[in-house]
Amino acid sequence: MSATKLSAPEKTVPPRPLAPSLGAKPLPALFPPTLLAGVALVAAGLLYALGWWNPAVWAIVTAVGYMVLITAASALIENRRKAKDRLVTAIVYTCFGIAMVPLVSLLWTVLSKGLVRLDGYFLTVSMNGVTPSMDAGGAYHAILGTLLMTLMAALISVPIGLMTAIYLVEYGQGRLKRAITFFVDVMTGIPSIVAGLFVVALWILLFGPGKTNGAAGAISLSVLMIPVVVRSCEEMLRLVPNELREASYALGVPKWLTVVKVVLPTAIAGLTTGVMLALARVIGETAPLILTAGSSAVAINANLFEGQMMSLPVFIYSQVRMGGVINYERAWAGALTLIIIVMLLFLAARLVSHFFAPKTR
Amino acid sequence: MAKRIDVSGLHVYYGDFLAVEDVSMTIEPRSVTAFIGSSGCGKSTFLRTLNRMHEVTPGARVEGKVLLDDQDIYAPDVDPVEVRREVGMVFQRPNPFPTMSIYDNVIAGYKLNNRRLRKSEADEIVERSLRGANLWEEVKDRLDRPGASLSGGQQQRLCIARAIAVEPSVLLMDEPCSALDPISTLAIEDLISQLKENYTIVIVTHNMQQAARVSDVTAFFNLAGTGKPGKLIEIGETNKIFTKPEKKETENYITGRFG
């Protein structure tokens, strides 16, 4: 079939000598951590001796010193590529450390200041009849308000947002789809106070001036929540492979059943996470709630449709505004409560993801 | 109940682009028909028009007639969903439903359509379909495990079991072995030979040996040129196509000389 003759090459290329680096010994695995500890010690000693001791300066000196030394050591003992690798690794770790600083600091501050007042009493009484500087009162009314308003916002936003996402991914075409995508994007960027103002105006139109209640707060939250739910659910639905939809169609399953029974279950873990992220986004909203649900409620109010309703962010805001020592303590305890609620929500989301996600084993 | 497929004067368009031009052929019941041809020549596209799966792609449409026995599947009163219940399909990449167990994957055609099955009935369908797909012995002890836990070849046989569980009359296979190793391929080919006793089978393949091994009739598709639509060049008994094709183009393709 082929006419080419196989013949031995006329000249043999001399084998390339192995690069010396291939044989070079790498730095021992324990060298980097030892070096880091050494640099940290020397830097600490030096700063003490010079009288410039300061943790931030110490961290910077350590990081820079370590980067210089490890690069130099690696360049001498290993090779240039390894040296670059060591340098970049050090930079990446340093950036990670820097990113952790505000997070750890925040958690530490909230924990240390919030735990002063966070106890069963704080969680179970309201501020009804408590004067600002009195050593009493708690956040029960605010916790209740936050939970109720967020729940109502979720009940409004999740169906609307999820169905919009289903429309965009499974059904939408052409102009209408582009228009919806555009407006969802615009809504994502709405400042929260504007959402609050919008609901205030709506309430004045519908019920007359001065009618603030929890439902108004919930609706302003859902204005903020819907676009977030749409965006995250849309991404999750797009991740469902088309092959699964085709497999379902090929079995003679109508489109709506395919969406309900194949696409949604496959994406359930991502959808839950998306909804939880949206909830976490609105649970800390303050501005729209001050406008809509009021900022002066002190009593327990479990009725979303009657009277002002306190929420944890607004509780924190109004306590801080009063300015006394005890008010600050209450504000920190409120902040810690809020963080705990968000953490519980995420824990719940992880559990849902864990139990409903597609399994392979 | 295997059914005959009669295609006449079928054109497939994507929007304004004519993808497949003027295909006419008859596919006999209880036989295996293989579509061969280079990539992009429209054989998969044509295959998908046989159960209206092409309609899933936006802008795709056909002109012409496809008769399933005597029923025109493109008649205005025909529901594509009903067509797909009658004409099952197996895809290139195994695609078991990841949220379902092996058991549920097999009866997915019923479950997804909200059809209630008695437990005994479901058990029977699962066993019959898995036996039909030569998978029963391998999975009978772990029917409650996820479908995705199987190997690629087993997953593909699971997909075939899923397709035959709803008792279609025709089974379309779009390169069912191209993602599989030779052993799994052999298993699927054996299965195809068994299935043809009860079904009309149409298979798209890039593997000419496979077409020669499994099919009774072979159809060769080719592009008329770059940017031109794909065409049915020749259809005939597999033996004849591979030994004495009538068209020069076919001969070039199957002997490996192109153009």
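I'd like the full set of residues that are under 16 Å from the mean Cα position of the chain (by Cα) and surrounded by fewer than 19 Cβ atoms within 10 Å (Cβ to Cβ), limited to the stretch A:314-340. Show your work before the answer.
Of the stretch A:314-340, the ones under 16 Å from the mean Cα position of the chain (by Cα) are A:338-340.
Result: A:ILE339, A:ILE340.
Of all residues in the stretch B:70-82, those that are more than 8 Å from chain A (Cβ to nearest Cβ) and outside any loop (DSSP other than H, G, I, E, B) total 3.
The lone criterion from (1) under 18 Å from A:ILE316 (Cβ atoms); (2) assigned by TED's automatic domain parsing to the domain that holds A:VAL61 left unmet by A:PHE122 is number (2).
Out of all the residues in the stretch A:276-296, is one or more closer than 20 Å to A:SER133 by Cα and touching a residue at least 12 places away in the same chain (Cβ under 8 Å)? Within the stretch A:276-296 (the criterion being closer than 20 Å to A:SER133 by Cα and touching a residue at least 12 places away in the same chain (Cβ under 8 Å)), the answer is yes, since at least one residue qualifies. Among the residues of the stretch A:327-347, the ones that are within 13 Å of A:GLY284 (Cα to Cα) and of a type in the set (Ser, Thr, Tyr) come to 1 in all. Only one of the numbered conditions (1) at pLDDT 90 or above; (2) more than 16 Å from A:GLU246 (Cα to Cα) is violated by B:GLY153, and that is (1).
Residue check: is A:VAL228 more than 14 Å from chain B (Cβ to nearest Cβ), in contact with a Pro (Cβ under 6 Å, 6 or more places away or on another chain) and either of a type in the set (Asp, Glu) or over 30 Å from B:ARG93 (Cα atoms) (or both)? Even if it seems obvious, please write down each step before you answer.
Details: more than 14 Å from chain B (Cβ to nearest Cβ): yes; in contact with a Pro (Cβ under 6 Å, 6 or more places away or on another chain): no; either of a type in the set (Asp, Glu) or over 30 Å from B:ARG93 (Cα atoms) (or both): yes.
No; evaluated as a whole, the condition is false for this residue.
Of all residues in the stretch A:36-68, those being under 20 Å from A:VAL101 (Cα atoms), surrounded by fewer than 18 Cβ atoms within 10 Å (Cβ to Cβ) and among the β-branched types (Val, Ile, Thr) number 3. Taking the criterion of being within 11 Å of chain B (Cβ to nearest Cβ) and not small (Gly, Ala, Ser), the residues of the stretch A:260-309 that qualify are A:VAL260, A:LYS261, A:VAL262, A:VAL263, A:LEU264, A:PRO265, A:THR266, A:ILE268.
If you take the residues of the stretch B:22-58 that are part of a strand (DSSP E or B) and surrounded by fewer than 16 Cβ atoms within 10 Å (Cβ to Cβ), which of them is nearest to the other protein chains (Cβ to nearest Cβ)?
B:THR26
Quick check on this structure: which one of A:LEU351, A:LEU344 is under 20 Å from the mean Cα position of the chain (by Cα), closer than 30 Å to B:GLN155 by Cα and without any contact (Cβ under 8 Å) to a residue 24 or more places away in the chain?
Checking each option against the conditions leaves just A:LEU351.
Take the conditions (1) over 17 Å from A:PRO313 (Cβ atoms); (2) touching a helix residue (DSSP H, G or I) at 6+ places or on another chain (Cβ under 6 Å); A:GLY284 misses just one of them, which is (1). Of the helices (runs of 4 or more DSSP H) entirely within the stretch B:83-169, those holding at least 1 residues that are surrounded by fewer than 24 Cβ atoms within 10 Å (Cβ to Cβ) and more than 11 Å from chain A (Cβ to nearest Cβ) occupy B:102-106, B:119-132, B:136-139, B:152-165.
Scanning the stretch B:81-92 for residues that are in contact with an Asp or Glu (Cβ under 6 Å, 6 or more places away or on another chain) and not hydrophobic (A, V, I, L, M, F, W, C) yields one hit, B:GLN92. Criterion applied to A:LEU221, A:LEU239, A:LEU202, A:LEU251 was being within 14 Å of another protein chain (Cβ to nearest Cβ) and farther than 30 Å from B:ILE73 by Cβ, and the one residue passing it is A:LEU239.
The values are calculated or read from the model by the stated rules, or taken from the named source; none is laboratory data. In this text the structure is predicted, and so the values were computed from the model without any measurement. Ideal geometry is used to build each Cβ from the backbone, glycine not excepted, and the neighbour counts take in all protein chains shown.
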